[in-house]
1. Which FRET efficiency value, to the nearest 0.05, do you get for Ser115 and Lys75 by plugging their Cβ-Cβ distance into 1/(1 + (r/R0)^6) with R0 = 30 Å?
2. Within the accessible area of the chain, what % is carbon and sulfur when the probe is 1.4 Å and the other protein chains stay in place?
3. Which shape class applies to the stretch 44-107: rounded if a/c is under 1.5, otherwise prolate when a/b exceeds b/c and oblate if not, where a ≥ b ≥ c are the square roots of the Cα gyration tensor eigenvalues?
4. Could you give the length gained by full extension between Arg66 and Arg53, i.e. 0.36 nm per residue of separation minus their alpha carbon distance, to one decimal place?
5. With +1 on each Lys and Arg Cβ and -1 on each Asp and Glu Cβ, how big is the dipole of the chain about its Cα centre, in debye rounded to the nearest 20?
6. Give, in nm to one decimal, the length gained when the segment between Gln13 and Arg45 is fully stretched (0.36 nm per residue of separation minus the Cα-Cα distance).
7. So, counting K/R as plus one and D/E as minus one, what does the shell of residues with Cβ under 13 Å around Gln110 add up to?
Amino acid sequence: QVQLVESGGGLVQAGGSLRLSCAASGIISRMNTMGWYRQAPGKQRELVATITRGGSTDYTDSVKGRFIISRDNAKATVYLEMNSLKPEDTAVYYCNAWSVVEDYWGQGTQVTVSS
């Protein structure tokens, strides 16, 4: 059974940092793209960052220069390093694993940034 398990969320003051982890239970090597999404209260889920199997990355404009996505295939884990956090980054963050024939989601981890 495929599982994506996020960890690393929490409460942090504005300007602080957090690192999210997504354990991908061994599927990471066959997935085309791993990504992080977030959903704030009353808003739609939005894409934050993606990383392809080849290591290419992409970010939504609001996090460029502050967030870094990376993957460790040996550990089957994807990371999201979040720096210079802002209150508007507050959301539940979800890990996603995607290929043409598969699409998996984690249960989410809460990130709260206080002003």
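The values are calculated or read from the model by the stated rules, or taken from the named source; none is laboratory data. Please read these numbers as outputs of a predicted model, since none were measured by experiment. Because the Cβ atoms are built from the backbone with ideal geometry, glycine has one as well, and the counts that use them run over all protein chains shown. Surface areas here come from the heavy atoms of the whole protein model, side chains and all, with no ligands, DNA or RNA. Shrake-Rupley method; radii C 1.70, N 1.55, O 1.52, S 1.80 Å.
1. Efficiency computed from Cβ-Cβ geometry: 0.30.
2. 47 percent
3. Details: a/c = 1.82, a/b = 1.42, b/c = 1.28.
In terms of gyration-tensor shape, prolate.
4. Stretched fully, the Arg66-Arg53 segment lengthens by 2.5 nm.
5. 120 debye
6. Values: separation 32, 0.36 × 32 = 11.52 nm, distance 2.29 nm.
Full extension from Gln13 to Arg45 adds 9.2 nm.
7. Working: positive: Arg38; negative: Glu6, Asp89.
Within the 13 Å Cβ shell, the charges total -1.
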